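Visitor: Following this message is one structure expressed as structure tokens.
The values are calculated or read from the model by the stated rules, or taken from the named source; none is laboratory data. None of the values given here were measured: they were computed from a predicted structure. For neighbour counting, all protein chains shown are included, and Cβ atoms are generated from backbone atoms with ideal geometry for every residue, glycine included.
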Amino acid sequence: MLTYARLFFASTLISILSLSIQNSYAQDAPKLSDNQVVFWQSLQQLCGNTYAGTVHSAPSNDTLFAGKVLLMHVRACLDDQIRIPFVVGDDLSRTWVFTKNQTALQLKHDHRHKDGTSDKITMYGGSTTNSGSATMQYFPADRQTTDILPAAGGNVWWIELIPNRSFTYNLRRMGSDRLISVRFDLTQPVAAPAAPWGWKD
């Protein structure tokens, strides 16, 4: 009887320790920060709307954005992904793809040709490496970006999202004075543009 009691006690103790270890791993597992959760919720609140933007900073020789109508259309929203076509004049080639997983937020750039096929240079970007703030998240260039565009290995993108005021897309190439900043007015939604090239609802 004593041996049985000892075995029962040992078995129970092992079970308790096992559960404690599992709970410890679960608590220690990386997860989104509170700031990232709030940022994502703010981004989702823009779903379905289109906003006009203006260039706040660009290289002096910029011809990509200068003098063109700039629109962001928060066109498709899922729990873990938000797709935002970025329209530059008549160019419908660009879509920002924001993705949320258990540990980070990610920003990628989907580039398409008029026939809908992917551009040679597409899906570059990066994932957050720190908690950021509730209104700003940083996306350093990832390995895929470096493989596609070696010169972009030092790129850092960041989004500043101030609810009911503005959404600002920023790009800086570290080690250079190259800075691009486009700010969108969230106080006045505008008419939605045509679907981007290759778009499938």
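Visitor: Please tell me if Ala134 is outside the structural domain of Leu64 (by TED's automatic domain parsing), in contact (Cβ under 8 Å) with a residue 40 or more places away in the chain and of a type in the set (Gly, Ala, Ser).
Guide: no
Visitor: If Thr129 meets every condition in (1) surrounded by fewer than 14 Cβ atoms within 10 Å (Cβ to Cβ); (2) in contact (Cβ under 8 Å) with a residue 60 or more places away in the chain apart from one, which number is that one?
Guide: Evaluating Thr129 over (1) surrounded by fewer than 14 Cβ atoms within 10 Å (Cβ to Cβ); (2) in contact (Cβ under 8 Å) with a residue 60 or more places away in the chain leaves (2) as the failure.
Visitor: Same structure, new question: Among the residues of region 140-149, are any under 25 Å from Ala52 (Cα atoms) and surrounded by 15 or more Cβ atoms within 10 Å (Cβ to Cβ)?
Guide: no
Visitor: Quick one: count up the residues across region 179-201 that are at pLDDT below 95 and either farther than 30 Å from Ser60 by Cα or surrounded by fewer than 13 Cβ atoms within 10 Å (Cβ to Cβ) (or both).
Guide: 4
Visitor: Would you confirm, using the coordinates I've provided, whether Ala152 is hydrophobic (A, V, I, L, M, F, W, C), in a helix (DSSP H, G or I) and either in the same structural domain as Asp90 (by TED's automatic domain parsing) or touching a Leu at 6+ places or on another chain (Cβ under 7 Å) (or both)?
Guide: Yes: the conditions hold for Ala152.
Visitor: Run down Thr168, Thr122, Thr187 and say which single residue is within 17 Å of Leu43 (Cα to Cα) and either assigned to a loop (DSSP other than H, G, I, E, B) or not assigned by TED's automatic domain parsing to the domain that holds Gly53 (or both).
Guide: Thr187
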